[in-house]
Amino acid sequence: MSDIQRFPAGSYIFREGESAQYAYVLKSGTVEIVKLGADGESVIAELTEKGKIFGEMALIDEAPRSAGAKAKNDVEVTGVDKSVFLDYVSKNPKAAHNIMVKLSGELRQANFNIAQLEARTSLDTNATIDNFNISEQQHNDDVDDTDAIYDTPPSKLVVYAGGIILSLFVIAFLFSSIFEIDTTVSSRGEFT
């Protein structure tokens, strides 16, 4: 464990996408967990409970940080490096269990938030986006998998058009083979 670190209001403890060297234990203050999106930064959680650990997920899976942590007001934290964190968890099954429960709860909350977001942004049957009408029929005809295009049967219009064109070729071939026109020219210059 490292010494207590202080972060003034508005400063980042860590940013989304950074590699992780430490998890943090909150000593005082409020930490906002923030996520970057199309509309900028969104607060997805607020941590106020003294002793709360955060930033541990990147230590566990060694992936870049999936969110950032920002001081809402003056914050004091203690950094916990990976070796100390893993040693503590391996020696304290109760702590490992608590971390799994915490991560499971966060995953459930994320799934709930995604479901709520999808419910709010789902299109009704006659939604208009940028002056482009989308009907229910168009949604049903959409092909999400490009390989499925090869398995999709042709439409009736394509079948009819193909049949008509094929019929015209067959008729033209039969006509030209049955009604052969002799175009020989006699010595007087007349067609016979």
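The values are calculated or read from the model by the stated rules, or taken from the named source; none is laboratory data. Note that the structure is predicted; figures quoted are calculated from it, not measured. Here Cβ is always computed from backbone atoms with ideal geometry, including for glycine, and neighbour counts include all displayed protein chains.
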Seminar exercise, completed: Taking segment 70-105 and keeping only residues that are free of Cβ contacts under 8 Å to residues at least 40 places away in the same chain and either in contact with an Asp or Glu (Cβ under 7 Å, 6 or more places away or on another chain) or of a type in the set (Asp, Glu) (or both), one is left with Asp87
Exercise. Within segment 1-52, can you find the residues that are assigned to a strand (DSSP E or B), surrounded by 13 or more Cβ atoms within 10 Å (Cβ to Cβ) and acidic (Asp, Glu)?
Worked result: Glu32, Glu41
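Taking helices (runs of 4 or more DSSP H) that fall entirely within segment 55-173, which contain at least 2 residues that are surrounded by 10 or more Cβ atoms within 10 Å (Cβ to Cβ) and at pLDDT 75 or above? Outline the logic, then answer.
Numbers: elements: 56-61, 82-91, 93-121, 136-141, 148-151.
Output list reads 56-61, 82-91, 93-121.
Residue-wise test of (1) aliphatic (A, V, I, L, M); (2) over 15 Å from Phe85 (Cα atoms); (3) touching a helix residue (DSSP H, G or I) at 6+ places or on another chain (Cβ under 6 Å).
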site: Ala20; (1), (2), (3): yes, no, yes
site: Ser28; (1), (2), (3): no, yes, no
site: Gly51; (1), (2), (3): no, no, no
site: Gly55; (1), (2), (3): no, no, no
For this session: With respect to Gly29, determine if the residue is at positive phi, in contact (Cβ under 8 Å) with a residue 40 or more places away in the chain, of a type outside the set (A, V, I, L, M, F, W, C) and in contact with a strand residue (DSSP E or B) (Cβ under 9 Å, 6 or more places away or on another chain).
Result: yes
